[in-house]
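Notes to accompany the following structure.
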Amino acid sequence: MNIGKLSDQEAAAVLQGQTTGRLGCIAEGEPYVIPVHYFFDGENIYLHSLPGKKIDALRINGRACLQTDMIHDSYQWRSAIAYGNYEEITDAHLRELTLAELFRRLPHLTPVESKMSSGNNEVIVFRLRVDRITGVGESW
């Protein structure tokens, strides 16, 4: 057993290799963590959501993080956290590109995609502008 810090490149590879993570933010003065689908392009983490508690929280305090992991078994795992600032994507072309990439990476329709396919235009497309990545792992 050897738990150690991941290099920046190793931590980025964990983030790029996954599509599901946990978004952490501050909502109503308390930590709030929710599972999300995302993609990381090496600089920014792209996500989408229906309006609700996390979007309200991020609009008030845009500082957030995303954590994900790769787990082979109890003794072989890696975990990475990216820290950044929330930014809504309002440019129509960038929204379209971001949604296309998210849909390409998602194997099934989630509640957000189901609402979108029925014509719901309330979907918020956003990114975390990543400024720091950390990671730890064991015996990889």
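Among residues belonging to region 4-19 that are surrounded by fewer than 16 Cβ atoms within 10 Å (Cβ to Cβ) and closer than 17 Å to GLU43 by Cα, point out the one that is farthest from the chain's Cα centre (by Cα). The qualifying residue farthest from the chain's Cα centre (by Cα) is SER7.
Apart from one condition, PRO35 fits all of (1) surrounded by 15 or more Cβ atoms within 10 Å (Cβ to Cβ); (2) in a strand (DSSP E or B); the exception is (1).
In region 44-77, what count of residues is obtained for those that are in a strand (DSSP E or B) and surrounded by fewer than 21 Cβ atoms within 10 Å (Cβ to Cβ)? Going through region 44-77 one residue at a time, the tally reaches 12. Each residue in region 20-58 was checked for being hydroxyl-bearing (Ser, Thr, Tyr), over 20 Å from THR90 (Cβ atoms) and more than 9 Å from the chain's Cα centre (by Cα), and 1 pass.
Applying the condition of being basic (Lys, Arg), surrounded by 12 or more Cβ atoms within 10 Å (Cβ to Cβ) and at pLDDT 95 or above to region 91-137 and asking which residue is nearest to the chain's Cα centre (by Cα) yields ARG127. State yes or no: is ASN61 under 27 Å from GLU28 (Cβ atoms), modelled with pLDDT of 90 or more and more than 14 Å from the chain's Cα centre (by Cα)? The answer is yes for ASN61.
The values are calculated or read from the model by the stated rules, or taken from the named source; none is laboratory data. Here the structure is a predicted model, which is why all the values come from computation and not from measurement. As a convention, Cβ positions derive from the backbone with ideal geometry for all residues, glycine included, and neighbour counts pool all protein chains shown.
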